[in-house]
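Trainee: After the structure tokens below, expect a handful of questions from me.
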Amino acid sequence: KSFLRLSAAGRYEIQELTRQYGEEQLDALPNAKTDTQNRHCIYYAGFLHQRQTPLRGPQQAAALDEIEAELDNIRDSWQWAVENSMRHEIYQSMHSLYVFCHIRAQAVEGERLFNLAVKRFEHEDSAMLAYLLTAQITLAWFNGKIIGIDQFPRAIRLVYTFWTEDQIAIPRRGIVFA
């Protein structure tokens, strides 16, 4: 109990020196560190996926607050998933992450995160890449940028190829009809 404390926000916190010690111990065991990072990534992909439906309904504000409280973990999880080509976890996360970034004025952060994923998966044609491209372009547009002009025709083609996928409906409307 002395290693953890409950913050005013109701979250458990660990002292920084204890966290650093734990990280050093994990670094000494590469398989354990990789396993821990994979589990962390899987957990937060599921966390975002579970908020997908509430983000579309009357519980939207609560879901957005929950995502915001976990944003550092979500950011780390997304980056790990991209670096390790964890397609399932990215697919589970992408819609809720996009909606959060769009609604909570996190377009700069969202553009950066979606850009990482687009670069990682740019050599494939899939519903996931269609979503990633359209989300990236839309978030960049919110940031006042016109990026990916060379990617725009590809994004449109992929969107219409995979148009039956519910996941790409929201960004598709923004990119095609904006």
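Trainee: Just wondering, is there one or more residues in the range 83-101 that are under 25 Å from Gly144 (Cα atoms), of a type in the set (A, V, I, L, M), in contact with a Gly (Cβ under 8 Å, 6 or more places away or on another chain) and in contact (Cβ under 8 Å) with a residue 40 or more places away in the chain?
Mentor: Scanning the range 83-101 turns up at least one residue that is under 25 Å from Gly144 (Cα atoms), of a type in the set (A, V, I, L, M), in contact with a Gly (Cβ under 8 Å, 6 or more places away or on another chain) and in contact (Cβ under 8 Å) with a residue 40 or more places away in the chain.
Trainee: If you don't mind, there's one more thing I want to ask. Return the total of residues in the range 47-63 being among the polar types (S, T, N, Q) and either closer than 17 Å to Ser77 by Cα or touching a His at 6+ places or on another chain (Cβ under 6 Å) (or both).
Mentor: The number of residues fulfilling the criteria is 2.
Trainee: A follow-up question, please. Determine which member of the set Tyr131, Tyr160 is hydroxyl-bearing (Ser, Thr, Tyr) and modelled with pLDDT of 75 or more.
Mentor: The match here is Tyr131.
Trainee: A follow-up question, please. Has the range 40-52 got any residue that is assigned to a helix (DSSP H, G or I), of a type outside the set (Gly, Ala, Ser), over 22 Å from Tyr131 (Cβ atoms) and free of Cβ contacts under 8 Å to residues at least 60 places away in the same chain?
Mentor: yes
Trainee: Now a separate question. Take the range 46-65 and flag every residue that is open to solvent by 30 Å² or more (accessible area, probe 1.4 Å) and either touching a strand residue (DSSP E or B) at 6+ places or on another chain (Cβ under 9 Å) or under 23 Å from Met86 (Cα atoms) (or both).
Mentor: Residues satisfying the conditions are His49, Gln50, Arg51, Thr53.
Trainee: Something else about it: If a residue must be touching a Phe, Trp or Tyr at 6+ places or on another chain (Cβ under 9 Å), of a type in the set (D, E, K, R) and modelled with pLDDT under 95, how many such residues does the range 88-111 contain?
Mentor: Total satisfying the criteria: 1.
Trainee: Would you pick out the residues in the range 12-39 that are part of a helix (DSSP H, G or I) and either among the hydroxyl-bearing types (Ser, Thr, Tyr) or touching a residue at least 40 places away in the same chain (Cβ under 8 Å) (or both)? Give the derivation first.
Mentor: If we filter the range 12-39 for residues that are part of a helix (DSSP H, G or I), which is where we start, we get 16-27, 30-39.
Answer for the range 12-39, where residues must be part of a helix (DSSP H, G or I) and either among the hydroxyl-bearing types (Ser, Thr, Tyr) or touching a residue at least 40 places away in the same chain (Cβ under 8 Å) (or both): Thr18, Tyr21, Thr34, Thr36, Gln37, Asn38.
Trainee: So, one more: Within the range 12-45, which residues are in contact with a helix residue (DSSP H, G or I) (Cβ under 7 Å, 6 or more places away or on another chain) and exposed (fewer than 13 other Cβ atoms within 10 Å of the Cβ)?
Mentor: Asp27, Ala32 - these are the residues of the range 12-45 that are in contact with a helix residue (DSSP H, G or I) (Cβ under 7 Å, 6 or more places away or on another chain) and exposed (fewer than 13 other Cβ atoms within 10 Å of the Cβ).
Trainee: I've got another one for you. Mind checking whether some residue in the range 141-154 is of a type in the set (Lys, Arg), at pLDDT below 80, part of a helix (DSSP H, G or I) and open to solvent by 20 Å² or more (accessible area, probe 1.4 Å)?
Mentor: Yes, the range 141-154 has at least one match.
The values are calculated or read from the model by the stated rules, or taken from the named source; none is laboratory data. Quantities reported herein were computed from a predicted structural model and do not represent experimental measurements. Reconstructed Cβ throughout: ideal geometry from the backbone, glycine too, with neighbour counts over all protein chains shown. Protein only, heavy atoms only, side chains kept; ligands, DNA and RNA dropped before computing areas. Shrake-Rupley method; radii C 1.70, N 1.55, O 1.52, S 1.80 Å.
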